[in-house]
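I have placed the structure first, in the form of structure tokens, so that the comments after it can refer back to it.
The values are calculated or read from the model by the stated rules, or taken from the named source; none is laboratory data. Quick caveat, the model's predicted, so the values are computed rather than measured. Because the Cβ atoms are built from the backbone with ideal geometry, glycine has one as well, and the counts that use them run over all protein chains shown. Surface accessibility is based on the protein's heavy atoms, side chains included, excluding ligands, DNA and RNA. Shrake-Rupley method; radii C 1.70, N 1.55, O 1.52, S 1.80 Å.
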Amino acid sequence: MSTTMNMIKVIKLEDLAIQIGKEVHVKEKSIAIFRLSNGDVRAVSNRCPHKNGPLAEGIVSGEFVFCPLHDWKISLVTGEVQKPDDGCIEVYPTEIRDGYVYLGGL
Amino acid sequence: MKKKLVMIGNGMAGARCIEEILKRDADMFDITMIGDEPYPNYNRIMLSNVLQGKTTFSEININDWDWYKENHIQLISNERVTEIQREQQQVVTNQGKVIPYDELIIATGSSAFILPVPGHELEGVVGFRTIEDTERMMDAAKQYKKAVVIGGGLLGLEAARGLIDRGMDVHVVHLLPNLMEMQLDREAAKLLQKDLEKQGMKFLMEKKTTEIYGDQRVEGLRFDDGTSVECDLVVMAVGIRPNAAIGREAGLAVGRAIQVNDYMQTSDPQIYAVGECAEHRGIAYGLVAPLYEQGIVLADVLTGKETAGYQGSILSTQLKVAGCDLFSGGEIHESDDTKAIVVQDQLKGVYKKVLVRDNKVVGVVLYGDASDGTRLFSMLKKESDIQEFTNASVLHKAGEESGIDVASMSANETVCGCNGVTKGTIVGAILEHGLTTFNEVKAVTKAGGSCGKCRGVVEAILAHTLGDKFDASAEVTGMCSCTTLSRDEVVEAIREKGMHTPKEVRIVLGFKHEEGCSKCRPALNYYLRMLRPDEYEDDKASRFVNERMDGNIQNDGTFSVVPRMYGGTTTPEDLIRIGEVAKKYNVPLVKITGAARVGLFGVKKEDVPKVWAELEMRSGYAYSKSLRNVKTCVGSQFCRFGTQDSLALGIRLEQEIEMVDTPHKMKMGVTGCPRNCAEVLTKDFGVVCVENGFQLYFGGNGGTEVRECDSLTTVTTEDEVVQMAKAYVQLYRETGIYGERTAPWVDRVGVDKVRMVLENQDQVEKLAARFELARDTYREAWSATLEDEQRRNMYTIEQR
């Protein structure tokens with residue numbers, strides 16, 4: 001139960017279009033939330049480690065988002081930048097309750 | 001009972017040797033490695049890339065801690081062997097550990113040579129050899145401004161460039177008149193120095209350092225000619241000294257380093273040495289390729305495999321500094337019995353020299369264009385007879401057939417010197433992981449991941465390994481990395497098989513990723529809508545951000561708003577409204593765009609729909625792959641030279657063609673007379689008005705690669721101009737590759753082919769009709785978004 005206590009309610013699930021990212025600001029952090037085609041909801045830092053590209057605006061394919069500025073490919077599950085580029089972004093746990101998306105790790 | 005194999009050292013050469021032993025027989029030895037650095041082994045030659053900020057420490061690990069565990073290797077790190085007790089066959093560490101051995105390998109490497117001048121022990125004087133050295137240099141760059149690198153060799157120049165990249169002011173001090181004198185001749189060295197000076201590196205040539213002065217931290221250097229230079233950091237890159245003391249104290253034969261025979265055996269048959277601490281036939285090597293070759297020989301010897309022994313290495317060198325393309329291998333300077341083939345292009349700063357003895361290449365020095373390095377070096381190593389080449393053609397770039405002969409390369413030969421990747425590793429990876437492209441090989445093996453010079457060889461190995469299955473152009477013309485099918489094959493399959501959705505296309509055509517990638521998603525969305533305008537529903541999620549959000553994303557995540565101004569015309573009312581909206585939303589930049597409209601730049605995402613709504617103007621589609629604008633001159637309405645109403649025609653063209661997706665953006669122009677003030681001869685479609693009609697032009701481009709239009713035909717009425725424009729755009733829509741402008745499209749399909757189709761009136765009518773059918777399915781983007789709550793929702797940012 002303690003983990004759910006720290007989860008923050010951020011957005012209605014139905015307001016998330018499939019494969020189109022959503023930018024939310026929580027505790028002064030910019031976070032990109034995605035609803036993948038398999039139904040999973042994923043949340044990551046909205047800043048590409050390369051040049052701070054807003055990942056919420058990227059094209060989503062499977063579990064990956066492509067940064068809109070220079071096309072870096074990043075896993076929304078692990079936060080890892082895919083080869084040949086390198087890097088990692090913060091991943092936040094998500095939870096769906098009563099039709100709302102909750103974020104943790106903040 | 002397994003034999004006990006002990007290695008003193010945990011560096012690149014040693015670890016490589018152990019890897020080779022494990023590959024041959026993983027169960028033969030109990031292995032212990034003792035290293036005095038507190039890290040698993042790492043790729044030392046990449047330290048200069050770390051310093052230059054091109055990679056990070058974690059990326060240069062060769063084997064992490066798990067590797068030792070998985071292979072049951074006992075690693076004793078941060079500990080030093082102080083004594084070899086040969087009688088008892090055991091080594092003793094500085095912590096008092098005693099480790100017995102059956103076979104012992106010394107792989108202690110070397111240390112940076114520190115000039116023994118007064119002051120060399122001052123704070124701020126470092127070598128460039130280890131992770132600690134690199135960290136100290138990076139820390140110094142944060143606090144201090146001035147650095148001096150002593151030594152204008154390979155390592156010194158890489159260090160200097162790295163410090164410049166980290167914001168320091170750098171002098172390189174060199175004892176001799178030429179840089180990299182071990183690898184370059186005078187000509188090439190001068191070119192290199194010039195290029196490096198352009199990058200901001202300063203040189204103090206022919207200076208001998210006599211003293212490093214300073215209280216506690218270094219403050220400067222003094223030279224033997226009485227001059228001096230101030231600095232807060234000194235990097236010594238004057239050479240390396242083999243760590244041979246342990247061998248000398250144990251009574252082994254030691255010259256410059258620990259002497260070994262062709263089987264890497266020291267004067268004690270149970271003790272071997274590899275790497276920089278070993279001296280073979282009088283040479284102690286300091287580059288990575290020979291060390292790897294030695295490791296392989298030793299692995300063969302220890303596991304009882306047959307080996308011809310180590311025969312010495314011919315060295316080749318490249319410099320890891322951007323903007324300095326050089327290659328050097330074999331002999332450098334002419335001698336009495338060598339002849340030189342030299343090509344020099346002072347305009348381009350290219351210098352190439354090949355030294356020949358008895359019709360064989362014995363030395364290569366290339367500067368400015370080193371692309372032939374691998375090929376020439378391979379000729380050198382194989383001692384190919386060059387009689388069949390005319391002299392100049394030896395230096396010619398390899399054609400298709402005379403390319404690098406990878407078939408005769410041995411599996412052990414190093415292809416990528418930066419990351420120490422051999423041909424065998426690459427072939428193994430290709431077969432094991434089913435790799436088909438250079439980028440895939442790079443991702444798996446790291447070959448070509450640093451300087452990228454070996455790309456040609458890697459591709460040749462791919463071609464050799466895969467045979468007909470390898471298509472070098474696949475990376476370019478295959479639609480994306482998800483498929484090897486070309487645009488035409490995909491479009492044809494959609495037509496033939498009657499596919500309706502992108503997902504269906506990807507599954508039926510066996511795309512590697514079921515959901516595609518950022519390349520094929522927008523492309524398939526385009527092709528499907530082009531082929532099925534009446535039924536396919538545009539997929540916003542497949543659109544690149546600019547087209548999804550109907551504005552160009554800027555580098556800070558804001559957007560631009562560029563309203564439509566047909567033919568470059570506006571009204572006082574519109575201008576006032578634009579000004580008021582720009583003020584209200586604090587728009588940081590208002591600018592006339594390249595396409596003759598007013599652009600608002602830097603609009604915050606959440607303000608974008610509000611700005612649209614308050615402007616009450618149509619989208620200028622300044623972000624999309626479709627018609628951007630029609631540039632006009634004022635024409636006969638106002639100009640005394642105007643022959644026709646070019647302004648009105650331009651406005652009509654823009655109104656009739658706008659909004660419809662095309663493979664790439666399009667720009668058009670209509671000019672009122674041959675003076676061509678509207679610059680229409682570099683447009684995708686251009687109209688020049690003349691007294692008796694309208695000359696039509698196509699396929700021009702004023703952007704990336706300038707291409708002048710080809711002439712299409714002359715027509716007599718405005719209606720014909722508009723119909724021809726629609727037919728032309730539709731032909732481009734139906735045959736262009738997504739992302740291909742009309743200029744390369746025309747070159748690809750042929751100018752005559754385009755003319756032939758558009759000379760046929762029947763074809764023109766059909767194409768124009770299909771264009772109109774498509775056009776009827778489009779709605780103006782901004783008003784459509786404003787009416788749709790879900791689409792409007794894309795611009796809001798939730799605050800929690």
Once you have the Cα-Cα distance between residue B:350 and residue B:230, take 0.36 nm times their residue separation minus that, and quote the gain in nm to one decimal.
39.7 nm
Along the stretch B:369-374, Karplus-curve 3J(HN,Hα) (6.51, -1.76, 1.60; θ = phi - 60°) to the nearest Hz, with x for Gly and Pro, reads 8, 9, 5, 8, x, 4
Ordered by residue, what ³J(HN,Hα) values in Hz, to whole numbers, does the stretch B:164-180 give under the Karplus form 6.51 cos²θ - 1.76 cosθ + 1.60, where θ = phi - 60° and Gly and Pro are x?
5, 4, 8, x, 8, 8, 10, 9, 10, 9, 9, 6, 9, x, 10, 5, 6
Given Cβ point charges of +1 (Lys, Arg) and -1 (Asp, Glu) and nothing else, what value in debye, to the nearest 20, does the dipole of chain B about its Cα centre take?
1200
Chain A - percent relative contact order, Cα under 8 Å, separation 6 or more:
27
For the stretch B:623-735, give the share of DSSP beta bridges that are antiparallel, in percent and rounded to the nearest 5; count only bridges with both residues there.
55
What total accessible area, in Å², is buried where chains A and B meet, using a 1.4 Å probe and rounding to the nearest 100?
2500
Using eta = 1.306 mPa s and T = 10 °C, Stokes-Einstein with Kirkwood Rh from Cα pairs puts D for the protein assembly as shown, in µm² s⁻¹, at 49
With every protein chain left in place, what is the accessible area per residue of the stretch B:86-177 in square angstrom, probe 1.4 Å?
41
In the protein assembly as shown, if the dipole is taken from +1 on Lys/Arg beta carbons and -1 on Asp/Glu beta carbons about the Cα centre, which of B:588, B:188, B:520 is farthest to the positive end?
B:588
Using a 1.4 angstrom probe on protein heavy atoms only, which residues from the stretch B:779-800 are buried by at least 40 Å² of accessible area when all chains are present rather than their own chain alone?
B:793, B:797, B:798, B:800
Positive-pole candidate from B:725, B:744, B:714, dipole of the stretch B:710-776, charges at beta carbon
B:744
Computed over chain B, Kirkwood Rh from alpha-carbon pairs, angstrom:
31.7
Near residue B:198, which lysines are there with a Cα under 16 Å away, not counting those fewer than 8 places off in the same chain?
B:190, B:348
Just want the answer: with Cβ charges of +1 for Lys and Arg and -1 for Asp and Glu, which residue in B:124, B:144, B:177 is farthest toward the dipole's positive end in the stretch B:107-237?
B:177
Sites residue B:175 and residue B:589 - FRET efficiency at Förster radius 51 Å, r taken between beta-carbons, to 0.05
0.45
What is the set of long-range amide H partners of residue B:213 at a cut-off below 5 Å, with H atoms built 1.01 Å from backbone N?
B:219, B:220, B:221, B:222
Once the piece of chain linking residue B:495 and residue B:655 is laid out straight, how much longer is it, given 0.36 nm per residue of separation minus the C-alpha distance between them?
54.6 nm
Pull up the DSSP beta bridges for chain A and report the antiparallel fraction as a percent, rounded to 5.
95
Sites residue B:507 and residue B:382, calculated FRET efficiency, Cβ-Cβ separation with R0 60 Å, nearest 0.05
0.80
Mean other chain Cβ within 10 Å across A:56-65 is 6
Could you work out [θ]222 nm for chain B from helices alone, using -39500 (n - 2.57) per DSSP H run of at least four and dividing by all its residues? Round to the nearest 500 deg cm²/dmol.
-9500 deg cm²/dmol
Run the dipole for the protein assembly as shown about the Cα centre, Lys and Arg Cβ at +1, Asp and Glu Cβ at -1, nothing else charged, and hand back the magnitude in debye, nearest 20.
1400
Tally Lys/Arg at +1 and Asp/Glu at -1 over every other residue whose Cβ is under 9 Å from the Cβ of residue B:531; what's the total?
+2
With θ taken as phi - 60° and the coefficients 6.51, -1.76 and 1.60, list the Karplus ³J(HN,Hα) couplings across the stretch B:224-234 in order, rounded to whole Hz; mark glycine and proline as x.
6, 8, x, 7, 8, 9, 8, 6, 10, 8, 10
Student exercise, the stretch B:527-641 dipole from Lys, Arg, Asp, Glu Cβ charges, in Debye to nearest 20
440
Using a 1.4 Å probe on the protein heavy atoms, what percent of the accessible area of chain B belongs to carbon and sulfur?
48
Straight distance only, please: which aspartates and glutamates reach the Cα of residue B:423 with their own Cα at less than 13 Å, same-chain residues fewer than 8 apart left out?
B:293, B:405, B:413, B:459
Mind checking the stretch B:561-656 for chymotrypsin sites (Phe, Trp or Tyr not before Pro) that DSSP puts in a loop (not H, G, I, E or B) and that have at most 13 other Cβ atoms within 10 Å?
B:638, B:641
Could you sort the residues of the stretch A:23-37 by number and keep only those whose accessible area is reduced by 30 Å² or more in the all-protein-chain setting relative to the chain alone, 1.4 Å probe?
A:23, A:25
Cα extents of the stretch B:534-611 per principal axis, largest first, Å, are 41, 30, 23
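Using the beta-carbon distance between residue A:90 and residue B:123 and R0 = 25 Å, what value does 1/(1 + (r/R0)^6) give for FRET efficiency, to the nearest 0.05? Mind dumping the intermediate values first?
On the way: r = 38 Å, r/R0 = 1.51.
With R0 = 25 Å, the Cβ-Cβ based efficiency is 0.10.
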Just the number, please: percent antiparallel of the DSSP beta bridges in the protein assembly as shown, rounded to the nearest 5.
65
Amide H proximity to residue B:416 below 5 Å, modelled H, separation 5+ or other chain, gives B:421
